[in-house]
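The numbers here are math on the coordinates, done by the rules we state, and not lab data. Just so you know, these numbers come straight off a predicted model, no measurement behind them. Here the Cβ is made from the backbone with ideal geometry for all residues, glycine too, and neighbour counts use every protein chain on show.
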Amino acid sequence: MSPLVEIRNLSKVYTRGRQKIEVLHHVDLDIAPGDFLALMGPSGSGKTTLLNLIGGLDSPTEGTLSVGGKRIDRLGQSELARWRASNVGFVFQFYNLLPMLSATKNVELPLLLTKLSAAQRRSHAGVALELVGLADRAAHKPGELSGGQQQRVAIARAIVSDPTLLVCDEPTGDLDRQSAVEVLTLLQRLNREHGKTIVMVTHDPKAAEYASHTLHLDKGTLVEGTVAAEVAS
Amino acid sequence: MKRFGWSLVTLLVAALAVALLAVLPWWSAAIVAALLVAWLLATRAGRQALSVTQVGISTMPQRLGAASVVVVGIAGVVGVLVALLAMAQGFQATLQETGNDDTAIVLRSGSQTEINSAMDHDTTVAISNEPQVMRDPQGRPIASPELVVVASLPKKSSGLDANVEVRGLGQGAWALRTNVRLLAGRRFTPGLRELIVGKRAMSEFEHTELGSKIDLGGQPWTVVGEFDSADEHDSELWGDGDAIASAYRRGEGRNSVTVRLKDPHLLDAFKAALASDPRFKVDATTTRDYYDRQSELLTRTIRILGTTVAVIMAIGALFGALNTMYAAVATRTREIATLRAMGFRGGPVVVSVLIETLLLALAGGIIGAAIAWAIFDHYTASTLGANFSQVVFEFRVSPTLLVNGLKWALAIGLVGGLFPALRAARMPVTDGLREL
Amino acid sequence: MKYLHLVWSTLFRRKTRTIFTIVSVIAAFLLFGLLDSVRGAFANAGHNVAGANRLITMSKQSLVVSLPTSLLMRIQAVPGVKAVTYANWFGGYYQDPKNQLVTETVPNNYFDLFPEFRLSAAELRAFHSTRTGAIAGASLAERFHWKVGDKIPIQATIFPQKGGSNTWTLDLVGIYHVADPNLKGEEGVLFFNWDYFDQAAQFGGGTAGWYIDRVAQPKDADRVAHAIDALSANSDHETKTQSEDAFTAAFVSQFADIGLIVGSIMGAVFFTLILLTGNTMAQAVRERIPELAILKTIGFSNRSVLSLVLAESVLLLAIGGAVGLAISGIAVSAIRAKLGPQIPMLPVGGAAWLRAVALMIAIGLVVGALPARRGMQLRIVDALSGR
């Protein structure tokens, strides 16, 4: 099976004033469809940068990056935006939800970019919330939800337009143990039962155990990592 | 419920403070300011307030946008208020300075202004000869039966024709109007088609320079002099009553008779004497009262307009100030909480927020007042007066007006700062520290 | 439209701040409505469609000098003149000297030249056949609660009756209406018969104050005006004839440069408003940078983010502006009802709303421009990492 994500010779250089900082050095990576990949590494290793590139939030300085057969390193900003809308879902550590919108309205956000009617949007959002187990909290605002519940709503939003790829940056970084387990279990279920390809950056080895593969990054290059043992669900 | 009660109390305190501000004279503000400074420097609570204020002021450059909202908003209110009231003040002053208590003007009964009035020759003679009228050393009554007509001249400002008042004087006029000085040229010669032009009329209308010709009643009249009477008459053209009457075919009829009374207290006797004559029905008032009344309608209108506009602008500025100060308090939640955890009491915090707001308001008030004064003091304007002709006047930005403007500024600052200040003081310490 | 909910909830995220800002916008547009109503009354004073064909002939010296009635036939004979009438100023007050009236004495054919004064044929006949008959404008009648059939005593300020009395008692036989809301100021005149005045007044009869002449087409105006003035050239009653528009404009300009005063005040008000709402928008966007970044990650384009912010600022102005203008409309109606038709204030109508909406949109765009650009240009990675 051809890989979903194909990365060859990927480099990213940031310019801070006169200084050039190379964050990623010539990375090669394949991610198979249906894979659940954890990216780990010390701070400054470039893992978030790699994640941002895979998700189309940023463009590489050098190298090629294909997702689903499409060369996204060649796309301009507005093309990337369009591509993201139908191909990627994001989950972040902070600021995921718009605080003045209810859970349903938050989940509906990606659907505003489609031609669906209001009723259709509501129904899709309902399905997504059902999937993450928060259908009964649909009308609540983020302020009325716990940290774990907020992240699950964020996950519902990330999958509502049925993207192939789910990109998560430290999704459990701000959660307590129990909420973290809820969120990771959910991600695992989405991967195993619904075939979503997930790339997750984490610094927590316990979180990485939920993934099927773990890769380590250090100083901008991949270090060979061990395959995580299957975790009993 | 408790919150509501607090808000109500705050509102009452604010209302009381504003009322005091409105009523007290300006030097009392100076005293309060001095007391405040003393408190800030001398007492412990005061010094706390001072340090909080200094922190607030030092962070002002970061909040320049928000601070300018208060300053500009209040400057706008004060500027517009002062400008409009200066217009009313100027018009009223011009008319009030016209006329005094020892001259009286007599009009046909029921007419409110000279141009509506009419009286025949016999009537004017009878009025001039009443015993209460002063006589000159030659025994002639100091009285001037006058004719008021309207001519059309283009205004220098618009180029459009406007009405200018032409007054035909009786021969007692010069003895009557002792405040008139000739600035240039000479007096008109009785019987000839000659005019003298008031100072303000000359600056307002075309074709009024010495030597120019003005068409009256179809014939050319020559301007032979310029006069200054330091009142509303400066907007007029004067000529000989008989000559003007003949040009406008009025014969011996006149509009009014103005007389000098032997004594201001003789007005009632004068009125009684006039009433007892069965040949005519006339009204007499002092010239001061007559011209006062004429300014009433317009000045009242402008004052109402000016105050209304200022009130609405003040509401806008007030809510702008509230926004700014609530935001200022919010951004400094952490600092305030830390200070209070360290032992600073609520009081100093309230005072410091108030001081900051009042300083901004005062800055706005001064800027607004200064701009209004710079642009509008002695600004000349003209409008249609009671005799259906132009009255030229100058805006008067008086010190009282400026002080009034500053009072408005402080009032807005007071209300705009009080609520946020109390919010800052009543914020629970733990909430604030949790923001860290 | 589907974005309305998003924009609305973003706007009211900080309820208190938004409401305070909206109050300031309301104040600004309340003022706009009030002042524009005054400005419009002065500016519109002469712009009467029916008046496009009318000229005013007055004494060259000034409006207060009368003209001989013999001019009527001579003006009628001028080529291009379709109809001529005249009017005399009377003035006077009703009950209290404070209630000064606009009263004119007119001949029978006066209303033929003023088709915009709607009168029934019966009322017109009654005016012609009743010696002391009078016709009042609807706004004037409303102010003093006059009804057709009332006897109305007017106190003269200039012209007493032959016996010396200042009281003229008139019979109200008709009330005229003006349809155009912009010309409601014309509904405040009291007319009575010139013949009655001529017979009963102690002095002032036998003359015409000014003539009103109708031409076939507005483009004839200049030529006919010159021809009419030529009739009285070098006589003792030289005339000045101009279009009704020009006459009114010159008259109005004698009061004050209303346009300048209103323009200056509104300039100051809107300048302050722009600063105030600009500050609010800048703050609001600054706080929301991470959220705007999230929207971009979801796939909202840069242009969409720009539009969302601009929509927010325009909505802010629109809410406050609509409420403010509506309040001004109510206020103007109340003032006009209370103080009568001579108050120079036009009702706040469609034209005022159009102008106001244009302002709301313009100010909203100006105020939202910089914050919107900031939102549009934010780099997702920087914004999410808090830089």
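Structure above, values below:
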| item | result |
| --- | --- |
| Cα centroid of the range A:170-187 to Cα centroid of the range B:303-382, whole Å | 49 |
| Over the range C:61-237, relative contact order from alpha-carbon pairs under 8 Å, at least 6 apart, % | 34 |
| Packing-based order for B:242-255, A:162-175, using average beta carbon neighbours within 10 Å, highest first | A:162-175, B:242-255 |
| Gain upon complete extension [A:E209, A:Q77; 0.36 nm per residue less C-alpha separation] | 44.0 nm |
| Helical mean residue ellipticity (222 nm; -39500 (n - 2.57) per DSSP H run of 4+; nearest 500) of chain C | -17000 deg cm²/dmol |
| Cα gyration tensor shape for the protein assembly as shown, rounded if a/c is under 1.5, else prolate or oblate | prolate |
| For the range A:116-156 and the range C:15-77, distance of Cα centres in Å | 60 |
| C-alpha long axis of helix A:147-159 to longest principal axis of chain A, angle in ° | 80 |
| For chain B, built as a Gaussian network whose Cα springs stay under 10 Å, the top-fluctuating residue of B:S212, B:S382, B:S117 | B:S212 |
| Between 0 and 90°, nearest 10: helix A:177-194 axis offset from chain A longest Cα axis | 80 |
| Ordering of C:7-18, A:101-112 by packing [mean C-beta count within 10 Å, highest first] | A:101-112, C:7-18 |
| Calculated FRET efficiency for the pair C:Q95/B:V311, C-beta based, R₀ 30 Å, to 0.05 | 0.40 |
| Inter-chain shielding of B:321-328 (mean C-beta neighbours from other protein chains, 10 Å cut-off) | 5 |
| Residues B:A272 and C:A334, FRET efficiency given R0 of 41 Å [Cβ-Cβ distance, rounded to 0.05] | 0.35 |
| Sequence-distant residues sharing a close amide H with A:L215 (under 5 Å, placed H) | A:A38, A:L39, A:M40 |
| q = 0.11, 0.12, 0.18, 0.22 Å⁻¹: log10 I(q)/I(0) that the Debye formula gives for the range A:39-166, counting C-alpha atoms only | -0.43, -0.51, -1.00, -1.23 |
| Over chain B, relative contact order from alpha-carbon pairs under 8 Å, at least 6 apart, % | 28 |
| Mean Kyte hydropathy of -0.5 or more with a Cα span along the axis of at least 18 Å, helices from DSSP in chain C | C:15-43, C:258-287, C:302-339, C:350-377 |
| Linear extension gain, A:N9 paired with A:S146, 0.36 nm per residue minus alpha-carbon span | 45.2 nm |
| Furthest towards positive pole of dipole, A:A139, A:C168, A:A119, structure part the range A:54-184, Cβ charges | A:A119 |
| Cut-off under 5 Å, modelled amide H: who pairs with B:K156 long-range | B:F205, B:E206 |
| Total charge dipole magnitude, chain C, about the Cα centre, Cβ charges on Lys, Arg, Asp, Glu only, Debye to nearest 20 | 2080 |
| Paramagnetic reach from C:Q202 (point 7 Å along Cα→Cβ, amide N under 16 Å) across the range B:272-314 | B:274-284 |
| Out-of-range pairs (alpha-carbon distance over 31 Å; input B:K281/C:K98; A:K141/C:K2; B:K156/C:K82; B:K155/C:K184; C:K98/C:K147) | B:K156/C:K82 |
| Computed over chain C: relative contact order in percent, which uses C-alpha pairs under 8 Å that are six or more apart | 28 |
| Top of B:P420, B:P61, B:P154 by mean-square fluctuation, Gaussian network on chain B, Cα under 10 Å | B:P61 |
| From phi via Karplus (6.51, -1.76, 1.60), per-residue ³J(HN,Hα) for the range B:264-276 in Hz, x at Gly/Pro | x, 6, 7, 4, 4, 4, 4, 5, 4, 4, 5, 5, 6 |
| Virtual spin-label span in nm between A:A118 and B:S158, 7 Å along Cα→Cβ | 5.3 |
| Positive dipole terminus of the protein assembly as shown, leading residue within C:F197, B:V78, C:V323 (C-beta point charges) | C:V323 |
| At q = 0.08, 0.17 Å⁻¹, base-10 log of I(q)/I(0) for chain A (Debye sum, equal scatterers on each alpha carbon) | -0.29, -1.28 |
| Other protein chain Cβ atoms within 10 Å, averaged over every residue that makes up C:24-35 | 4 |
| Cβ-based charge dipole, the protein assembly as shown, positive-most Cα from B:G316, B:L12, B:G170 | B:L12 |
| Check: the protein assembly as shown dipole with +1 on Lys, Arg Cβ and -1 on Asp, Glu Cβ, in debye | 2980 |
| Test item: Cα-centred dipole of the range A:5-223, Lys/Arg +1 and Asp/Glu -1 on Cβ, debye | 620 |
| Residue with peak Gaussian network fluctuation, chain C [Cα springs, cutoff 10 Å], from C:F117, C:F90, C:F251 | C:F251 |
| Distance between modelled label sites at A:I21 and B:A22, nm, 7 Å Cα→Cβ extension | 6.1 |
| Of every Cα-Cα pair in the range B:293-382, the percent that sits beyond 24 Å | 46 |
| Value of Rg to Rh for the range C:236-380 (Rh from inverse mean 1/r over Cα pairs, i.e. Kirkwood) | 1.21 |
| Förster radius 30 Å - calculated FRET efficiency between C:F12 and B:W6 (Cβ-Cβ, nearest 0.05) | 0.75 |
| Reciprocal of mean inverse Cα separation for chain B (Kirkwood radius, Å) | 25.8 |
| ³J(HN,Hα), Karplus 6.51/-1.76/1.60, whole Hz, each residue of the range B:192-205, x for Gly, Pro | 9, 7, 10, 10, 10, 10, x, 4, 6, 4, 5, 7, 9, 10 |
| Radius of gyration, Dmax [chain C; alpha carbons; angstrom] | 29.0, 97 |
| Degrees, to the nearest 10: B:2-23 long Cα axis against longest axis of chain B | 40 |
| Shielding of A:39-52 by partner chains, average beta-carbon count, 10 Å | 1 |
